[in-house]
Amino acid sequence: MNTKQELKDWTVPVDAWCERYRLYCLASVLCAVIILFFSVIPVVEGGINAGVQAHCAAYGFFSLVLGLYCKTRQYRYPFLISAAAASLWGLALECLQYPIPYREFELQDMLLNVGAAFAGIVPNYLLARYGLITTLRDRQCSRGDVSDVCERHA
């Protein structure tokens, strides 16, 4: 079956869904590692790793990508879990910065991390609301297929 036909019929092979959540997992881990790297290096000229914009972009995007992973893995509250996990990662990294002499532990940064992580719920919710993020089970149910494909490949 060609790709155009699969998209038209909303039928994607189970292996493709398995690869999709693995891709989202890899993207989430990569995002966490990049945030970790920029959190422990000295502040770069131009503020690429400091400031309101850097915190909001990093933790908002991290929450977004983690939400995609959680949704495809069919967690019960995927976006809330992703925002909480991104917030905890931000809190942990702020605590990690405390003993580093060239970095500062700031409560304001912690609050920015939490706020940005929870703001990442909004695009995830909108993507899910309009059917752009779905799980294999969602697609099967919309077609009336009640097979146990998800249980076999979980």
Taking segment 73-112, which GluC sites (Glu not before Pro) meet the DSSP loop condition and have no more than 16 other C-beta atoms within 10 Å?
-> 104, 106
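Going highest first, how would you order 21-32, 57-68 by mean Cβ packing within 10 Å?
57-68, 21-32
Read-outs throughout are calculated quantities, based only on the coordinates presented, and are distinct from any laboratory measurement. Please read all numbers here as calculations on a predicted model, not as lab measurements. Every residue, glycine among them, receives a Cβ derived from its backbone with ideal geometry; neighbour counts consider all protein chains shown.
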